[in-house]
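Bear in mind that the values in this text are calculations on the coordinates, not laboratory data. Just so we're clear, the structure is a prediction, and the values are computed from it rather than from any experiment. Don't worry about glycine lacking a Cβ; one is built from the backbone with ideal geometry, like all the others, and counts go over all protein chains shown.
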Amino acid sequence: MLEGFSNASRIPELRRRLLFTAAMLVVYRVGVAIPTPGIDGQALSSFFDAASSTLFGWVNLFSGGALERFSIFALGIMPYISVAIILDLLKIGWPYLDELYKEGEAGRRKIAQYTRYGTVGLALVQGSMIAFSLEKIQAPGGGTVVYNPGFRFIAMTVITVTAGTMFVMWIGEQITERGVGNGISLIIMSGIIARLPSAIGTTVQFVREGEMSIFLLILILVVAFGVTAGIVYVESGQRRIPVQYARRVVGRRVYGGQASHLPLKVNTSGVIPPIFASSILVFPATLATFVPSLKWLSAYVTPGGTVYNIAYVALIIFFCYFYTAVTFNPVDVADNLKKYGGFIPGIRPGRSTAEYIDRVLSRITLGGAIYVSAVCVLPTILIQRFNVPFYFGGTALLIVVGVALDTVAQIETHLLSRNYEGFMRRGRVKAKGKG
């Protein structure tokens, strides 16, 4: 792996992309540390300390501590993700959006523009809700967290956090275009990793004070290691459908005749389902927290609760199938195979091939959805059962490991395209599959 990083530094373009990605993430982390004016940071921190095991601790984890400080990036990237979900759902019943998705690069630019406009609108709404709610929050020691409540505070807060969200969105888009990896996913991953040193320090302090046993600490480490290893194993798994190409004679040359395979990932949707599911569940949970008449709902939508876990799993399964259907079209794959003389042994080309691929994809997507649900929910249940003093469950591990694997894969592609050895000395990270 060290040789892989050494090779990466030898390619000017890749080196520039890596440095640009690192610089943008540093800018994001600096912005997280800049507080929004008019907030009593100490009182707000005390409030979050008392609510660390509730929704606030969970949202604060994914914002990298921005919500706890109520920084200019307090809303983070969640408004952008929420709007992207809405547009994906609208595509099913709105032919205009469906046509845009099929127009290629021009259509994607138009959809990206709509997503930006929607992000501004949603950020204004969420910023207003948070600003009004901050004026009502009582710190544990008494008093409010806002120095001078009123219209001027609300207007300044809404403008500040909306501008912060747009800047974070711009950082993510710039990383995707000019850096390495998916910018939005890397921003979320950096926020999670940024909380890790604090979690380690808290755990060490609890062990020293006797509030956590060494046995429990070892158990947590074993669970974290096991979940991480399982994620790496499944994320690299594939179902390989054999494909045979017919021989074609063009002039004096013979084309085709070789055997290949169609790789289908066990988890085609990656880390998108838990991110989408989390962003959807944040909205009712936020309403239940800040609206007095909905206090009864907070018991059901708090992360770790039975109703929350059931809804979370249901949404994960839905988005696993939905995102797979959006990104992988069996009909198009079957048409391309037929166009280039490829066929699956024992399956008629065309419609029968599309139906066969769809049937196989549905089965492995079910397995992938169950795997993602288990990774996201089971560690969290164990952590809450043993009263672990921080939130770093399976969802966080899945995002961190999944994004890291995707980023390394992109770096590997750059290296191998220039005849460099990848990160693994004896070859690339190999996918496990079943022919």
Residues in segment 159-192 that a label on Phe20 would reach, taking backbone N under 14 Å of a point 7 Å out along Cα→Cβ: 171-183
Give me the one-decimal nm value for the distance between modelled label points at Thr202 and Glu13, 7 Å along each residue's Cα-to-Cβ direction. 4.4 nm
Pseudo-spin-label distance Thr306 to Asn148, built 7 Å along Cα→Cβ, given in nm, is 5.0 nm
Proximal aspartates and glutamates relative to Lys110, as straight alpha-carbon distance under 17 Å, when same-chain residues fewer than 8 apart are discounted: Asp88, Asp98, Glu99, Glu173, Glu177
